[in-house]
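Have a look at the structure below, then the notes.
The values are calculated or read from the model by the stated rules, or taken from the named source; none is laboratory data. These numbers come from a predicted model, not from an experiment. All Cβ positions, even for glycine, are placed from backbone atoms using ideal geometry, and neighbour counts span all protein chains on display. All accessible areas refer to the heavy atoms of the entire protein, side chains included, with ligands and DNA or RNA removed. Shrake-Rupley method; radii C 1.70, N 1.55, O 1.52, S 1.80 Å.
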Amino acid sequence: MKFFIDTANLAQIKEANELGILDGVTTNPSLMAKEGIKGNDAVWQHYKDICDIVHAPVSAEVISTDFAGIVEEGKKLATIDPNIVVKVPMIKDGIKAIKWFTDNGIKTNCTLVFSAGQAILAAKAGATYVSPFIGRIDDSSWDGVELISQISHIYRLQQFKTEILAASIRNALHIVRCAEVGADVCTCPLDSILGLLKHPLTDIGLAKFLEDANSMK
Ligand code: G3P
């Protein structure tokens, strides 16, 4: 399973990249706004900055909602860097646009996916990635990981090529469970990635090893 970081914060992107286990980045308008970025030029430059840090897929989301607008915006975003993946919402014109991008060699990430039916449509349109939002599903008292499992089963059975990119990850357990049920990618906040490191027995064991090593000096 690939690890993407789900943020537009450059310091966090650098920190995750320096771990050596980062395979890409996802952003969305909310994450960009959180960094205080204002205006098209600043947004554009920010995507460039991210692409300069991580030489791997970087999802940049369109804000148009009509076919012509999505295509125009996506084509421009794709010129920023060869690693840009155009992130398109799961709406009717979004599906049409994903098919257009697929036919024209532009990679896509179909976002705001909350059902297996939506994931089937994204795959039929040829999306490179499909992004089910598992944390938000959990928030509404459904089982987000169960949706990843269902999509994984369908995609394998139907031999769809679209990669399942589990999004809206809230904790380290989400990452482990997504790996268990066959997600191709997990896009995570830095805290959730670092959460995988944590185990009290590791800390206790290391303290003891260091104590014993010191006693031998
Ligand atoms: O990138 C989209 C997704 O990961 C959003 O997560 O935490 O806002 O539900 P969240």
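Considering only Ala11, Ala116, Ala183, the mean-square fluctuation computed in a Gaussian network model of the chain, springs between alpha carbons under 10 angstrom, is largest for Ala11.
Each Lys or Arg adds one and each Asp or Glu takes one away; over the other residues whose Cβ falls under 15 Å from the Cβ of Gly205, this sums to -1.
When the chain is described by a simple charge dipole with +1 on each Lys and Arg Cβ and -1 on each Asp and Glu Cβ, the residue from Pro189, Pro132, Ala42 located farthest towards its positive end is Pro132. With K and R counted +1 and D and E -1, the other residues having a Cβ less than 14 Å from that of Asp41 yield a net charge of +2.
Using a Förster distance of 30 Å, how high is the FRET efficiency between Asp41 and Leu19, based on the Cβ-Cβ distance and rounded to 0.05? All intermediate terms of the calculation are to be shown ahead of the outcome.
Details: r = 31 Å, r/R0 = 1.03.
Efficiency at R0 = 30 Å is approximately 0.45.
Rounded to whole Å, give me the distance from the Cα center of the stretch 68-82 to that of the stretch 113-142. So the separation of the two Cα centres works out to 23 Å. When the chain is treated as a Gaussian network with alpha carbon springs shorter than 10 Å, the biggest mean-square fluctuation among Val86, Val43, Val54 belongs to Val43. Each residue of the stretch 97-113 is assigned a 3J(HN,Hα), and the resulting list reads 5, 4, 4, 4, 4, 4, 5, 10, x, 9, 6, 9, 10, 7, 10, 6, 9 Hz, derived from the Karplus form 6.51 cos²θ - 1.76 cosθ + 1.60 (θ = phi - 60°), x at Gly and Pro. Element breakdown for the stretch 1-136 at a 1.4 angstrom probe: carbon and sulfur atoms account for 52% of the accessible area.
Database remark: amide H of Gly24 closer than 5 angstrom to the amide H of Ile5 (H placed geometrically; neighbours at sequence offset of 5 or more, or on other chains; Pro and chain starts carry no H). Once the other residues with Cβ under 12 Å from the Cβ of Leu121 are scored (Lys, Arg +1; Asp, Glu -1), what is the net sum? Around Leu121, the charge tally is +4.
If the only charges are +1 at each Lys and Arg Cβ and -1 at each Asp and Glu Cβ, what is the size of the charge dipole of the chain around the Cα centre, to the nearest 20 debye?
420
Per residue, the accessible area of the chain comes to 52 Å² when a 1.4 Å probe rolls over the protein heavy atoms. Rounded to the nearest 20 debye, the dipole size of the stretch 1-106 about its Cα centre is 240 debye, using +1 on the Cβ of Lys and Arg and -1 on the Cβ of Asp and Glu.
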